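Report on one structure; see the data block that follows.
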Amino acid sequence: MEKDIESYLENLLPASSGAADVLEKYAEINHVPIINRSSMHMINLILKMKQPEKILEVGTAIGYSALRMLEGASKANIVTIEKDANRYQEAITNIKEQKRDNQIEVIFGDAAEVMQELAEKKLQYDVIFIDAAKGQYQVYFDLADKMLMPGGVLITDNVLFRGMVFSNEEVPKKYKTLVRKLRSYNEMLVNHPDYHTSIIPMDDGVSISYKK
């Protein structure tokens, strides 16, 4: 049933074209984790309504989501962080090919370390998108909270992690710590006094948090 719904919603979306289509196919062939098309469409809807000037992305991969976010926020400046050297270089190449390097800055390094440096500079963002090491989401949130402006939006991908976060079935041993951390993260978000949060059961789960 869930897969049928996902397929139905996916098929309703207009076909990807140009760079987006190329990057989606590349990611599929090379097993690069990028955000699902339906989730990306929802994020761009939020961006169109919000019209942010400054976006911080935690987890660049090959630059797909950063490039796609400019569809929803065409005038935004995006800072995005990637710790994998190969993906960092691929992202740089992909962004330059689309002539978007004047709007998208890719920073190489550990996400928490880079975020700490940005926070120390007292930089502020209208939207922060977290899509990196899931076991570190709480760390990323604590740093993101310092930089997200009141009225800003925090978006976190993969918060339901393959359905394991809400499943009553036994979680495989290798994922137990991760799932425990994600459950704790989700509970923290929905109960945080400074945020209004909704968790959308789309693809691998996306949380949308509005900072009061």
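The values are calculated or read from the model by the stated rules, or taken from the named source; none is laboratory data. This one's a predicted model, so the numbers in the text were calculated from it and none came from an experiment. So basically every Cβ, Gly included, is an ideal-geometry build from the backbone, and we count neighbours across all protein chains shown.
Quick notes on this structure:
- Count of residues meeting criterion [closer than 26 Å to G205 by Cβ and basic (K, R)] in the stretch 97-135: 1
- The sole residue among A91, A15 that is closer than 26 Å to Q136 by Cβ and either of a type in the set (D, E) or without any contact (Cβ under 8 Å) to a residue 40 or more places away in the chain (or both) is A91.
- Some residue of the stretch 151-173 being part of a helix (DSSP H, G or I), out of contact with any strand residue (DSSP E or B) (no Cβ under 6 Å at 6 or more places or on another chain) and at pLDDT 95 or above: no
- With respect to (1) closer than 20 Å to V153 by Cα; (2) surrounded by fewer than 18 Cβ atoms within 10 Å (Cβ to Cβ); (3) among the aromatic types (F, W, Y), the lone exception for Y26 is condition (1).
- For the stretch 124-150, filtering for residues that are closer than 28 Å to M49 by Cβ and either part of a helix (DSSP H, G or I) or out of contact with any strand residue (DSSP E or B) (no Cβ under 8 Å at 6 or more places or on another chain) (or both) leaves 11.
- So S184, is it hydroxyl-bearing (S, T, Y) and at pLDDT below 95: yes
- Answer residue from the stretch 21-39, given it is free of Cβ contacts under 8 Å to residues at least 40 places away in the same chain and of a type in the set (A, V, I, L, M) and is farthest from K134 (Cα to Cα) among those: V22
- Cβ separations smaller than 8 Å between residues 6+ apart or across chains give the following pairs from the stretch 131-159 residues that are of a type in the set (K, R) to residues that are buried (at least 16 other Cβ atoms within 10 Å of the Cβ): K134/N158; K134/F161; K134/L178; K134/K181; K134/L182; K146/A119.
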